[in-house]
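The values are calculated or read from the model by the stated rules, or taken from the named source; none is laboratory data. On a predicted model such as this, the values are computed, not experimentally measured, just so you know. Note: ideal-geometry Cβ built from the backbone for every residue, glycine included; neighbour counts use all protein chains shown. SASA here: full protein model, heavy atoms, side chains in, ligands and nucleic acids out. Shrake-Rupley method; radii C 1.70, N 1.55, O 1.52, S 1.80 Å.
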Amino acid sequence: MTSQPLSKNILIGNSVIHYSVLAPASSPISIGDLIVVDDTGNRARFFARVTGIGHGQQPVHGDPNGTSLIVDAYPIGFIGEDQVFRRPRIMPTRFSLVRMLGPEDITYLSRFMGEIEVGLMVSGQRPIPDLPVSIPARVLSQHIGVFATTGMGKSNFMKVFCASAINARTFGLLIIDPHGEYAAGLSSDFESRGLLHHPDAENGLSVYSIQNKNVRDELDMKQLLINHDDLDITDLTLIFDLSSSEREVMNLLTPFPGHDIIDFFTNEDVEALPSHIKTTAYIGDHQDIAQRVRSAGSDALRVVQRQIQTLVDISSVFLHQTETSVPSIIEDLLDNKVVLIDIPRMSEVAELFLLSVISRGVLHQYKKVVQSGRPGEDEPHRVLITIEEAQRVLSMESEKTGIFRQIAMEGRKFGVGLCAVTQQPKNIDPRVLAQMNTFVIMGLADRHDRETIASSAKHDLRILDLEIQTLDRGDAIISTIGIPFPVSCHVHRYEDYIETAF
């Protein structure tokens, strides 16, 4: 990209938060362009983003038609003589020369980028080949929101994000795939590639799958198993709408391990249990549980029994009495790998149950790591847990929050972050959105969704409302505390990225 001036002496605005630029009508300028104001008086470069374009009333010298444009731009920062990037708290000199980004500007802006490359920075409608957008890994435990309506390229973004995580190996990443598209790509698309096609998949990727042994052996996948003790009675809240009496039973059972609870409700007749109005003695193998729930109503006990049996049934393909993959999954995450849970054709209930079990194990282990410390480590391990359709478990009204709300509120202290993926950010609890320090926005037509994001983002995104509304498929606005201004990004096509970037 060249650094040609738009015209001479054209900065005409007089506000520290808004620039007005006079430009010839023939200038190839568009919404979202990054422009630079060269202020020789202050010996500074001011960076701004074009937010509006209209016809001017006065002619511009040198334009063959004698017409002009008035360009509105939002300042994003400036560089003084010390080469330090600062917020725009001073005004550039009026009539300073304005131009497009040049090579020196691109080199300077690249210093803000991190390790997790996702695409190329866009100025207006043009990707900048020499300026990849990379999210700093250090901000990932402070939670990410990925907001995309259907068809805007969310799945491609997530695969590119995973590919960069495999390459960087600076944090662990957990992702559950209930559609079977991330591991080997879509079978219906000949050109589609999955994470297993990544050149360094052997070292940086672990896939746990429910598919049959022949498929697992062919694709180098591990068998996914969880055992009875991985279950916590509070997992029922993720799957069922519990009444107050059923919640009482759940609370009574909280101290007991999963294998005892499953065995008790699978093998006992709750109708015959002693209660406060029955004097019969309990002669089964679970005296403590029977004594604990004797104050509960028989109707509630019957419902909880059915719920636990339902949970066991829907999990039968991966539920084992004693064997579990959870410790191995956590060890892979501590080794900064991408861990993909491949569960094609599984129900939403089974997906949420699995995600709850693994997330609880991760938070517990990472707490232990932080509290005990590992010799020679200055920073805690970081892990990012991805939740697809996050409004299911992170809405204000939902009672199905479980471990996820706990991670959202306190996970960053232990290096555990959430990546909440949703088409409906307006349905996410505002208290959870406020904890997210990185937003990836991939086209949102709904005004309420855009307003929700703008009110929660760490950067002012209100001025980018038109740009967000008109984003093309594969384009994104990324706002993160790791980069001092929101950036426009053209996300790499995953298949091209793994062929050329590694």
A 1.4 Å probe over the protein heavy atoms gives the chain a carbon and sulfur accessible-area percentage of 48
Give me the 1.4 Å probe accessible area per residue for the stretch 347-463, excluding ligands and nucleic acids, in Å². 40
To check my understanding: the extent here is largest minus smallest coordinate of the Cα atoms along each principal axis. What are those three numbers for the chain, in Å, largest first? 101, 49, 48
What is the helix-to-structure angle for 447-456, meaning the angle in degrees between its Cα long axis and the longest Cα principal axis of the chain, kept from 0 to 90 and rounded to the nearest 10? 90
I'd like to compare 435-441, 300-306: which one has the highest average count of other Cβ atoms within 10 Å, and what's the full order after that? 435-441, 300-306
Calculated from backbone phi, Karplus (6.51, -1.76, 1.60) coupling profile of the stretch 438-443 in Hz, x at Gly/Pro: 9, 10, 10, 10, 10, x
Quick check: Cα centre of the stretch 425-471 to Cα centre of the stretch 80-101, how many Å? 28
Shape metrics for the stretch 20-137, restricted to C-alpha atoms - Rg then Dmax, Å: 15.4, 50
Along the charge dipole of the chain, which of MET91, SER164, GLN406 sits closest to the positive end, that is, farthest toward it, with unit charges on the beta carbon of Lys, Arg, Asp and Glu (+1, +1, -1, -1)? MET91
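Sort 261-269, 44-52 by packing, meaning the average of other beta carbons within 10 Å per residue, with the highest value first.
Ranking, from highest mean packing down: 44-52, 261-269.
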So what's the angle, to the nearest 10 degrees on a 0 to 90 scale, between helix 298-314 and the longest Cα principal axis of the chain? 60
If you split all Cα-Cα distances of the stretch 91-238 into 10 Å bins from zero, what percentages do you get per bin, shortest first? 8, 28, 30, 19, 8, 4, 2, 0
What do you get for the angle between helix 154-168 and the principal long axis of the chain? Use alpha-carbon atoms, 0 to 90 degrees, nearest ten. 90
Within the chain, how many Lys pairs sit with Cα atoms under 21 Å apart, leaving out pairs fewer than 8 places apart on the same chain? 13
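Under a point-charge model restricted to the Cβ atoms of Lys and Arg (+1) and Asp and Glu (-1), what is the dipole moment magnitude of the chain relative to its Cα centre, in debye to the nearest 20? Could the numbers behind the result be given before it?
Values: 45 positive and 64 negative charges, 379 e Å.
Here the size comes out at about 1820 debye.
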